[in-house]
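Computed from the coordinates by the stated procedures, all read-outs in this text should not be read as laboratory data. Just so we're clear, the structure is a prediction, and the values are computed from it rather than from any experiment. Heads up, the Cβs are rebuilt from the backbone with ideal geometry, glycines too, and the neighbour counts pull from every protein chain shown.
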Amino acid sequence: MSRRGWIGWLVAVCVLVPAWVAAQGVGIYSRADCTTITDPVAGQTWCLESSTLSLKVWNGSAWVAASGGGTLDATYLTQIPNASLTAEQALSLLGTGLLRSTTGTGVVAIYGGASCPGSQVIAGLSAAGAPTCVDAGGVTPGSALAGVVVISGTATTGTVTFGVAQSDATYVLTGWTRSLTGTPPHVTSDYLNKTTTGFDVQISAAPGAGNSIEVNWQLNRPGTNPLVGPAGPTGATGPSGPTGATGPTGATGATGATGAAGSNYRICTIIIGADGGRELLNGDLGPQRKQCHAPLAGTVLEVTVASDAGTPNVIVAKRHCTVAPCTTGANETVTNLVSSALAAGPGTACSKVGATAGFDTFTTCSATLQNTALLPGDFVELVSGTAGGVAKRMTIGITWSEP
């Protein structure tokens, strides 16, 4: 019962109790300390104790608080401080954030977040919010490693340091960017100064005051490229000329022509998302500008796509700079490499000029590949795509030949 209810009840009792109950020990009394009342009667002597602001009744052996009242010194959780309570914890006095309870005491505090030292990344959190950190390094051929770099304010660069050094610096880096806080501009990322101990990340524009951008990177070691053709055979050596009688030696026969060299191939692998990450959004699939660079002229042979689930699709294009400066949106042309979006799943899908088998020899590619000529300095990129709300990772491979 509330305090207002108790007061109303007491007023009713004072008015309605007949005069004969005013005998000593029976009735309602007001005292600073209820134990000063003499000759109380069990269940019939009540006391308003001003020192504890409580209503008590004599039970025959002790003064006990009437049921329905609260305890002023209990450790309540309240939204704001309460002047009538003495031991409450007011949540309004804490900062804004997630609450974490302490075992044994029940005291709550703001969770301060978690981080890992150096280039280590968080693999999981315990129930108390403690991180499990793993090293970012030791990647072997055919495997991959991923991480995140946050760039804020006026900065345009960040540095990744491996917890375990790589065996060499021939690894391949891919990634994508997303807004983390505020309203930063849309940017592209590049990876510079690769060493066995780490590399630098550079974005095309600073996030600006109060803004930050998250750069998700992935280190890959695809292994030996099986698509590089063998060297051409050496031509046969011509026969030696006849030896003259006691005269000069005859001329040596001409060397046969060298056989044609095998084709050289380049493979651009773009990985969007991660199998253990969130579901992909349409914006993750494009625009993703200047993902792969073509240093020499070449011819695109095949575009291959795969995903962990669902049927996401993507449009792949080439970007050509016509005159310096080569900046996004200026002096550049973008031309689609496929005539329609190429969808992954179920399984692997591919696109070629004709509806023929892909490099795996058994997947029939769609005949949607177009504009296959690459010029020196061209970039390969993603124009747009549809995530579909299921896939968490999509892999796009572009293979072209060079002289």
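Which three lengths, in whole Å and largest first, does segment 283-395 cover when its Cα atoms are put on their principal axes?
43, 30, 20
If I model a spin label at Asn282 and Thr234 as a point 7 Å from the Cα along the Cα→Cβ vector, what separation in nanometres do I get?
About 6.0 nm separates the two model spin labels.
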